[in-house]
Amino acid sequence: MKRMIAFQGADAKVGTTMVSQSVAELIASSRKDLKVFFAACNGKSGTEYFQTIGEWIENVRISLENRVVSKLELLENCRQTDNLYFLGGVGGILQDRRYRPEMVAYLAELLEDGIDLLIVDCGSEMDNALAAGAMEQAHDRYCILTQQESVLRRYEKLKKLYDRMNLSVSGYVLNKYLQDDPYTPSYIEKRLPLEAKPLYLVENIALGRRAEAERRTFLSYGRSDYAEEIRFIVNRILEEAELPVLNKQRKGLWKSSI
């Protein structure tokens, strides 16, 4: 496995699942030579935007715990397309208490051969064992923000936890972005300790309820503007993995020097 990438929201409902799954889908659809594995490691099902789920982490929990998972069987059950795989999360409420961070480490080890990119949806809670394990194991970590005071305040607390755990953030995604919002990218960059890391803008898409009802990501609606913004994040991931990037674009990334 060339790279493990974790996405975590600064708070709930910031769109972590939509962004992370869109990243996985865009890579898989654009680079057929790469095998992409998407895993929901956040204490929830993580299936809002998948219509079919072949395997859940709940079904392989005991096997992960005892390190006896069959890689071939796991990949076959998780297969969505020729090169995209999806492992659903925890199905029942309170079931996440039965997991340990080491399970994610073993999952990553299991997929070391045969998978190029492992993309993990870590939700928004660091007290979840799966999310904590994924954040610790990841090569790259992206934090999802929105233009809300409550989200910014929670990130300020989350950043302190990252520092105590010695976790660095590779980049930030300002999701559901509105150009006329008073919480501008410039303000957020000055307010939060982003440490000169890139801030990617993903504009607000008025398809949220429909996408959830139809179990589809925004990419499937043919929104080229959304695809271009996700492509910026994808290219950063590919660059870090030393893989060829997709076509370059000129918008979607906030730079304070511009």
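The values are calculated or read from the model by the stated rules, or taken from the named source; none is laboratory data. Fair warning: this is a prediction, and the values are worked out from it, not measured in the lab. Here Cβ is always computed from backbone atoms with ideal geometry, including for glycine, and neighbour counts include all displayed protein chains. To get the accessible areas, we keep the full protein, side chains included, count just its heavy atoms, and leave off ligands, DNA and RNA. Shrake-Rupley method; radii C 1.70, N 1.55, O 1.52, S 1.80 Å.
Of all the Cα-Cα pairs you can form in the chain, what percent are over 32 Å apart?
When every Cα pair of the chain is considered, 16 percent fall beyond 32 Å.
Using helices alone, what [θ] at 222 nm do you get for the chain, with -39,500 (n - 2.57) per DSSP H run of 4 or more residues, divided over all residues and rounded to the nearest 500?
Working: 9 runs with 94 residues, N = 258.
Value at 222 nm, helices only, nearest 500: -11000 deg cm²/dmol.
Could you state how much accessible area Glu112 has, in square angstrom rounded to the nearest 10, with a 1.4 Å probe and all protein chains kept in place?
90
Under 11 Å from the Cβ of Ala206, count the other residues' Cβ atoms, weight Lys and Arg +1, Asp and Glu -1, and hand me the total.
+3
Quick one: with all protein chains in place, what share of the accessible area of the stretch 86-242 is carbon or sulfur, to the nearest percent (1.4 Å probe)? Don't skip to the end; give the middle numbers.
On the way: 3210 of 7190 Å².
Answer for the stretch 86-242: carbon and sulfur cover 45 percent of the accessible area.
Could you sort Asp163, Asp82, Asp11 by their accessible area in this structure, using a 1.4 Å probe and putting the largest first?
Sorted by accessible area, descending: Asp82, Asp163, Asp11.
How much of Ile115 can a 1.4 Å solvent probe reach, expressed as accessible area in Å² and rounded to 10?
Counting only protein heavy atoms, Ile115 exposes about 10 Å² to solvent.
So, how do all the Cα-to-Cα distances of the stretch 134-199 break down into 5 Å bins, in percent, from 0 on up?
Reading upward from the zero bin: 3, 16, 29, 27, 15, 7, 3, 0.
Out of all DSSP beta bridges in the stretch 1-122, what portion is antiparallel? Express it as a percent rounded to 5. Let's see the in-between values first.
Values: 1 of 16 bridges.
Percent antiparallel among DSSP bridges in the stretch 1-122 is about 5.
For the pair Asp181 and Glu109, how long in nm is the line joining their label points, each one 7 Å along Cα→Cβ?
Between Asp181 and Glu109, the label points sit 4.1 nm apart.
Can you pull the one-decimal nm distance between simple spin-label points at Glu240 and Glu212, each 7 Å off the Cα toward Cβ?
Result for the modelled spin labels: 2.8 nm.
So for the stretch 142-255: antiparallel DSSP bridges make up what percent, rounded to the nearest 5?
20
As I understand it, the dipole of the chain uses +1 on the Cβ of Lys and Arg and -1 on the Cβ of Asp and Glu, about the Cα centre. Which of Cys78, Gln148, Phe50 lies farthest toward its positive end?
Gln148
For the residue pair Ser224 and Gln148, what label-to-label distance in nm results when each label sits 7 Å from Cα along the Cα-to-beta-carbon direction?
For Ser224 paired with Gln148, the spin-label model returns 3.2 nm.
Mind checking the per residue accessible area of the chain for me, 1.4 Å probe, whole number of Å²? Don't skip to the answer; put the middle values down first.
Values: 12090 Å² over 258 residues.
It amounts to 47 Å² per residue over the chain.
Could you tell me which of the pairs Lys13/Lys157; Lys44/Lys190; Lys44/Lys176; Lys71/Lys197 are separated by over 24 angstrom between their Cα atoms in the structure shown? It would help to have the intermediate numbers written out before the result.
Numbers: Lys13/Lys157 17 Å; Lys44/Lys190 33 Å; Lys44/Lys176 22 Å; Lys71/Lys197 35 Å.
As for pairs spanning more than 24 Å Cα to Cα, those are Lys44/Lys190; Lys71/Lys197.
If you count the DSSP beta bridges with both ends in the chain, what percent of them are antiparallel, to the nearest 5? Walk me through the numbers before you get to the answer.
Details: 3 of 32 bridges.
Around 10 percent antiparallel, to the nearest 5.
If r is the Cβ-Cβ distance from Arg191 to Glu102 and R0 is 41 Å, what FRET efficiency results, to the nearest 0.05?
E between Arg191 and Glu102, to the nearest 0.05, is 0.70.
If you fit an axis through the alpha-carbon atoms of helix 149-164 and take the longest principal axis of the Cα set of the chain, what angle between them do you get, 0 to 90°, nearest 10?
That helix lies at roughly 60 degrees to the long axis.
With a sphere of radius 11 Å drawn around the Cβ of Ile119, what net charge do the other residues whose Cβ falls strictly inside it have (Lys, Arg +1; Asp, Glu -1)?
-3
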